[in-house]
Structures are given as C-alpha cells and as structure tokens.
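The values are calculated or read from the model by the stated rules, or taken from the named source; none is laboratory data. Note that the structure is predicted; figures quoted are calculated from it, not measured. All Cβ positions, even for glycine, are placed from backbone atoms using ideal geometry, and neighbour counts span all protein chains on display. Ligands, DNA and RNA are excluded from the accessible area calculation, which covers all protein heavy atoms including side chains. Shrake-Rupley method; radii C 1.70, N 1.55, O 1.52, S 1.80 Å.
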Amino acid sequence: MITARALENFNSTRHMVLYYEDLVTNRTVGPKLKDVQEFLGLPLMELTSRQVKIHKGSLCDFVSNWDDVNKTLNGTEYERFLHADY
C-alpha cells in the first residue's frame, strides 16, 4: 500500500522501480543494471564493488536467533538468502 501510494505521488516524475535483490543476483551488467545505466543516461560499463567481507563462516554463526530466521524464511522466495555467501 505504501509503495502504491509512493508511485501515485511520483507518477508525473521520471522514475523506475528497482529492487536490491535484482542487482545482487547478477553483479555483471545484467538486464536490470543495464536498465539503470540507460535510465540515468550513463554509458554501459562493468561496475565493481570495493565491499569487503567482514566475517568468515556462515551467517548462522553470527545471527543469534538463527533458528527463528531459518524457520521463517524456509519455503519462501527469500530462502536463497539463507545459503548465500556474503
């Protein structure tokens, strides 16, 4: 409902809907990143990240309520994040 209202408020403003997961899933110049660069009027290019992994091991070692998170996300569209290597 909030998203719909925001889109309604900005319907006369040039914009695009972008989800973080769309960018994280394909870190090369994939379809969504290409769309963003074209929308911004930028030349298409490979983008790199200077992100540094700050932990070693699996996420379950760092999340105190891992059982709850695991139970909640299992079987949903977000289950893949439980097994992703961040």
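Sparsely packed loop sites in the chain (the trypsin sites (Lys or Arg not before Pro) outside DSSP H, G, I, E and B with at most 15 other Cβ atoms within 10 Å) comprise Arg14, Arg27, Arg50, Lys53, Lys56. Solvent exposure of the chain amounts to 88 Å² per residue of accessible area, where only protein heavy atoms count and the probe is 1.4 Å.
Considering only protein heavy atoms and a probe of 1.4 Å, how much of the accessible area of the chain is carbon and sulfur, as a whole percent? Write down the numbers at each step before the final one.
On the way: 4240 of 7560 Å².
Carbon-and-sulfur percentage of accessible area, whole number: 56.
With N set to the number of residues, divide the alpha-carbon radius of gyration of the chain by 2.2 N^0.38 Å and report two decimals. List each step's numbers first, then the result.
Numbers: Rg = 17.3 Å, N = 86, 2.2 N^0.38 = 12.0 Å.
Ratio of Cα Rg to 2.2 N^0.38 Å: 1.44.
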